[in-house]
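Student: Handing you a structure now.
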Amino acid sequence: MISEKAMTDNIEKDPEHADSEDESLAPGKQVLVGICAMAKKSQSKPMKEILTRLEEFEYIKTVVFPEEVILNVSPKEY
């Protein structure tokens with residue numbers, strides 16, 4: 001399983017994710033949003049619409065945790 005720090009490190013190193021419009025964020029910085037919900041909710045039409053809108057922003061990256069993680073892994077680990 002990939003840790004949040006590892007995901008964030010990879011995002012910060014990716015020049016494609018640099019935000020050129022907002023100078024308050026350093027180049028390459030992103031906001032990582034983790035979605036921790038069962039598949040019934042995370043795959044619902046309203047949630048998909050919300051995630052689609054969030055992903056329109058270059059500096060926002062969303063990660064949907066699978067049900068296996070939610071059910072079998074301590075929240076401290078993800």
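Student: What order do you get for 62, 52 when you list them from fewest to most C-beta neighbours inside 10 Å?
Tutor: In order of increasing Cβ crowding within 10 Å: 52, 62.
Student: Quick one: which residues, 5 or more positions from residue 63 or on another chain, have an amide H under 5 Å from its amide H? H modelled 1.01 Å from N in the peptide plane, none for Pro or chain starts.
Tutor: Under 5 Å from the amide H of residue 63: 33, 34, 35.
Bear in mind these aren't lab numbers, they're just calculated from the coordinates by the rules spelled out. In this text the structure is predicted, and so the values were computed from the model without any measurement. All Cβ positions, glycine included, derive from the backbone under ideal geometry; neighbour counts span all protein chains shown.
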